[in-house]
Amino acid sequence: MAESPAHRFGQIVGEVLESAIAPVLTAFAKEHGLYLDKQGERPCRPGKRCTWLDHNKNKHDLDFVLERGGSTERLGVPAAFIETAWRRYTKHSRNKAQEIQGAILPLAETYKNARPFVGVVLAGVFTHGALKQLRSLGFTVLHFSYESVVAAFKK
């Protein structure tokens, strides 16, 4: 399947968003004695993806998981599940919100006794309905408007 340059640019913006959030979460994890799981090699899980299993043994690939008692060699107890996403148009913002909730909510249920934080860092154009849906399900939402993203790239 061919990819348009605009699609690839959108992927780059999403990667920049994730890269911008990683140092903030790394500092937070260090300050609070947590382990930050993210994409990359980790001996205690297969592959490079940050993949977690729910109680039905379904795999969920995530952007970030903060863990209590985790290390490179040992999975900890999830303290937070955090996803990032970029959207240019409102057309698919509700679908992205549902994709995120479909990945995180089964894990939050699996680890409900640990009461993990569930959050999203969104950038670009997301409808009021998509944001409201995530909040209604217990997600904490940090949303950067499309205009703020454009302004940041201008600098």
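The values are calculated or read from the model by the stated rules, or taken from the named source; none is laboratory data. Fair warning: this is a prediction, and the values are worked out from it, not measured in the lab. Note that each Cβ is placed from the backbone with ideal geometry, even for glycine, and that neighbours are counted across all protein chains shown.
Just to verify a result, which residue in the range 104-130, among those that are hydrophobic (A, V, I, L, M, F, W, C) and either more than 19 Å from residue 80 (Cβ to Cβ) or at pLDDT below 95 (or both), is surrounded by the fewest Cβ atoms within 10 Å (Cβ to Cβ)?
So the first thing to find is which residues in the range 104-130 are hydrophobic (A, V, I, L, M, F, W, C), and the list is 104-105, 107-108, 114, 117-118, 120-123, 125-126, 130.
Now narrow it down to the ones that are either more than 19 Å from residue 80 (Cβ to Cβ) or at pLDDT below 95 (or both): 123, 125-126, 130.
Details: 123: 24, 125: 19, 126: 25, 130: 24.
Step by step, filter the range 104-130, then rank; the result is 125.
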task: Determine which member of the set 101, 39 is over 26 Å from residue 153 (Cβ atoms), surrounded by 12 or more Cβ atoms within 10 Å (Cβ to Cβ) and in contact (Cβ under 8 Å) with a residue 24 or more places away in the chain.
output: 101
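Output the residue which, of all residues in the range 35-75 that are charged (D, E, K, R) and assigned to a strand (DSSP E or B), is nearest to residue 100 (Cα to Cα). Step through it out loud before you land on a result.
Within the range 35-75, the subset charged (D, E, K, R) is 37-38, 41-42, 45, 48-49, 54, 57, 59, 61, 63, 67-68, 73-74.
With the extra rule that they be assigned to a strand (DSSP E or B), the set shrinks to 37-38, 42, 45, 59, 61, 67-68.
Values: 37: 17, 38: 16, 42: 23, 45: 21, 59: 13, 61: 10, 67: 19, 68: 22 Å.
The qualifying residue nearest to residue 100 (Cα to Cα) is 61.
Among the residues of the range 30-39, is any modelled with pLDDT of 90 or more and at positive phi? First the steps, then the outcome.
Going residue by residue through the range 30-39, those that are modelled with pLDDT of 90 or more are 30-39.
Going one step further and asking which of them are at positive phi, we end up with 33.
Yes, the range 30-39 contains at least one residue that is modelled with pLDDT of 90 or more and at positive phi.
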- prompt: Take the residues of the range 134-155 that are touching a residue at least 24 places away in the same chain (Cβ under 8 Å) and aliphatic (A, V, I, L, M): which is nearest to residue 106 (Cα to Cα)?
  reply: 137
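Among the residues of the range 113-133, what is the count of those that are out of contact with any Gly (no Cβ under 9 Å at 6 or more places or on another chain) and touching a residue at least 24 places away in the same chain (Cβ under 8 Å)?
Applying the first criterion (out of contact with any Gly (no Cβ under 9 Å at 6 or more places or on another chain)) to the range 113-133 yields 113-117, 119-122, 125-133.
Next cut, touching a residue at least 24 places away in the same chain (Cβ under 8 Å) only: 114, 116-117, 119-122, 125-127, 129-131, 133.
Going through the range 113-133 one residue at a time, the tally reaches 14.
Would you say residue 4 is surrounded by fewer than 20 Cβ atoms within 10 Å (Cβ to Cβ), closer than 22 Å to residue 113 by Cβ and among the polar types (S, T, N, Q)? Full working, then the answer.
Working: surrounded by fewer than 20 Cβ atoms within 10 Å (Cβ to Cβ): yes; closer than 22 Å to residue 113 by Cβ: no; among the polar types (S, T, N, Q): yes.
So residue 4 fails the test.
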